[in-house]
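Working notes for the structure below.
Nothing in this text is a laboratory measurement; each read-out follows from the coordinates by a stated rule. From a predicted model like this one, the values you see are computed outputs, not experimental measurements. Cβ atoms come from the backbone with ideal geometry, glycine included; neighbour counts cover every protein chain shown.
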Amino acid sequence: METIYRKIDTENIDMSAIEEATSILREGNMVAFPTETVYGLGADALNADASKKIYAAKGRPSDNPLIIHVSNISQVERVVKEVPKTARKLMDTFWPGPLTIVFKKADIVPHGTTGGLDTVAVRMPNHKVALTLIEHSDIVIAAPSANTSGRPSPTTAKHVMDDLNGKISMVLDGGPVGIGIESTIVDVTSGVPTILRPGYINKKMLEEVVGHVEIDKAILGKPDKNLKPKAPGMKYKHYAPKADFTIYEGSRDCVAEKINQVAKEYIEQGYKVGIIASDETVDLYTVGEIVSIGSREDEITISKNLYGVLRDFDDKQVDYILGESFESGELGQAIMNRLLKAAGYQVVQI
Ligand code: AMP
Ligand code: MG
């Protein structure tokens, strides 16, 4: 299949591209499009055959449900059984934005879209291209991240093309995304709202709106056989670069000293080494492919760059990645959740 690639100016959207994408979606085929979190791989959420194509293109396990993207509240009412009061408050406060809400699903939503679950995850993205496409087509769009399953999520249209060129009908290139890590997922179907996946919208922000919020214990640390994550996707090894990735935790100078020492040893053995530093520490490193992922004072630059840095290391065929930890700050938990998964939970305390 030939993949149509169209650049699209967010400030001046070419409606002929949106029209073309709409036709593709109506035929039950796939269009990748930008959102503020990562690029999504979209298809008609109410068409089970279209959803099936998403799983095939990504190589995604069929029990890992898709998030439905909407552009207005009446579309939410179309796909859910009921809108609880807490959900209403969350939607009023955070939508459009990087918050996905899990509801009880309406009958109209096929189990092929929800991975067999009777619940459905819904989000209104804060991106003009995404909103225009959903609004214009009036199709509720199932869209997981537009990457091959297991690879880092795509934060540019090039990342999408690298993984899915020839496998999907169209890519809309709206430039690099703004946040760079996937949405926060919160479940409102039973009692206390529960975070199933951390993201830009954190626990504190949610609690200011709906009171006490819990975090699914299964997502906090290393995967535990006895704890099953409520977001099925969280159990898979995700976001992973090809290289062997280890995170070093400890004081700034000790971490740098240790990473320099380990990097030197690997390089002497003939391996290629990538180092993930920050603007504040980048000058402390002496060997290897040294990359600053962003400033610790401006965490959004870190989340925005994270997946791109991992993909660049793949392109450079790095054998080992040695990275700093990014525990602190408002976004720290979401960033570390992704980094730990990418590193397969290999952490060295210095
Ligand atoms: P992605 O769109 O690739 O970021 O993946 C979607 C994420 O949403 C996965 O981790 C899914 O497990 C999660 N998800 C989607 N629908 C549901 C649902 N009904 N209940 C819980 N988690 C969900
Ligand atoms: Mg994904």
Any idea what the dipole of the chain comes to, in debye rounded to 20, about its Cα centre with Lys/Arg Cβ at +1 and Asp/Glu Cβ at -1?
1200 debye
Apply 1/(1 + (r/R0)^6) to the Cβ-Cβ distance of Asn72 and Val347, taking R0 = 51 Å, and write down the FRET efficiency to the nearest 0.05.
0.75
Among Leu196, Val160, Leu117, flag the residue with its Cα farthest along the positive direction of the charge dipole of the chain, charges on Cβ as +1 for Lys/Arg and -1 for Asp/Glu.
Leu117
Helix 15-26 against the longest principal axis of the chain: what's the angle in degrees, Cα atoms only, rounded to the nearest 10?
80 degrees
5 angstrom amide H check on Tyr5, placed H, neighbours 5+ away:
Val171
Assuming R0 = 30 Å, can you tell me the calculated FRET efficiency for the pair Asp107 and Asn165, based on Cβ-Cβ distance, to the nearest 0.05?
0.25
Loop only by DSSP, 16 or fewer other Cβ within 10 Å of the Cβ. Give me the chymotrypsin sites (Phe, Trp or Tyr not before Pro) in region 260-350 that pass, ordered by residue number.
Tyr271, Tyr345
What share of the DSSP beta bridges in the chain is antiparallel, in percent to the nearest 5?
35 percent
Net length gained if the chain between Asn226 and Glu2 were fully extended (0.36 nm per residue, minus Cα distance)
76.2 nm
For region 174-257, report the convex hull volume of the alpha-carbon atoms normalised per residue, in Å³, without decimals.
200 Å³
HN-Hα couplings for region 254-269 via Karplus (6.51, -1.76, 1.60; θ = phi - 60°), in whole Hz with x for Gly/Pro, come out as 5, 4, 4, 4, 5, 4, 4, 5, 5, 4, 4, 4, 4, 5, 4, 7
Nonlocal amide H pairs with Arg197, under 5 Å, H built at 1.01 Å:
Ile185
Across region 6-14, in residue order, what do the Karplus-derived ³J(HN,Hα) couplings come to in whole Hz, using 6.51 cos²θ - 1.76 cosθ + 1.60 with θ = phi - 60° and x for Gly and Pro?
10, 6, 9, 7, 4, 7, 8, 6, 7
So who's got an amide H within less than 5 Å of the one on Val80, skipping anything under 5 residues away but keeping other chains? H placed 1.01 Å off N, in plane.
Ala106
Which distance in nm do the two modelled labels at Thr148 and Glu207 give, with both placed 7 Å along the Cα-to-Cβ direction?
4.2 nm
Helix-derived [θ] at 222 nm for the chain: sum -39500 (n - 2.57) over DSSP H runs of at least 4, divide by residue count, nearest 500?
-9500 deg cm²/dmol
With +1 on the Cβ of every Lys and Arg and -1 on the Cβ of every Asp and Glu, and nothing else charged, how large is the dipole of region 60-218 about its Cα centre, in debye rounded to the nearest 20?
120 debye
Kindly express, to the nearest 10 degrees and within the range 0 to 90, the angle between helix 85-94's C-alpha long axis and the longest C-alpha principal axis of the chain.
60 degrees
Out of region 214-246, which trypsin sites (Lys or Arg not before Pro) are coil in DSSP terms and have no more than 10 other C-beta atoms within 10 Å?
Lys225
Mind listing the phi-derived Karplus ³J(HN,Hα) values for region 308-323, rounded to whole Hz, using 6.51, -1.76 and 1.60 with θ = phi - 60°, and x for any glycine or proline?
x, 5, 5, 5, 4, 5, 4, 4, 7, 6, 6, 8, 10, 10, 10, x
